[in-house]
Amino acid sequence: MVISLSGKDRGRLLAVLGGDDRRVLVVDGKHRKLGSPKAKNPRHLRPTAWTLVPSQMRTDRQLRRALRDLAQDTADREKEESGLGEGRRN
């Protein structure tokens, strides 16, 4: 899993299909489908600690769902850590 740092997909969470030292093949299931991955320069990507298992990447639909769930879990975790999700008032 990577986050795009440049291009039209900047800020988007992407799954890595493969690649080499010059290009990395990435997909998101919506704009870049499994059948036509985008070749991106590795310098334009930020690696994350997250991974997907192959069963989450069988179809574009499953991939979109996995990426959405991962992004939601991350947003929820960040809210909890910042105290925004506790309903406190200033």
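When the range 47-81 is limited to residues that are assigned to a helix (DSSP H, G or I), surrounded by 13 or more Cβ atoms within 10 Å (Cβ to Cβ) and of a type in the set (A, V, I, L, M, F, W, C), the one that is modelled with the lowest pLDDT turns out to be Ala71. Restricting to the range 1-46, what's the tally of residues that are part of a helix (DSSP H, G or I) and exposed (fewer than 11 other Cβ atoms within 10 Å of the Cβ)? So the count comes out to 1.
Might you check whether a residue that is under 10 Å from the mean Cα position of the chain (by Cα) and in contact (Cβ under 8 Å) with a residue 60 or more places away in the chain occurs anywhere in the range 48-57? Checked against the condition, which is being under 10 Å from the mean Cα position of the chain (by Cα) and in contact (Cβ under 8 Å) with a residue 60 or more places away in the chain, the range 48-57 yields no hits at all.
Evaluated against (1) at pLDDT 95 or above; (2) surrounded by fewer than 11 Cβ atoms within 10 Å (Cβ to Cβ), Leu84 falls short on exactly one condition, (1).
The values are calculated or read from the model by the stated rules, or taken from the named source; none is laboratory data. As the structure is a computational prediction, the values presented were derived from the model and not from experiment. Note that each Cβ is placed from the backbone with ideal geometry, even for glycine, and that neighbours are counted across all protein chains shown.
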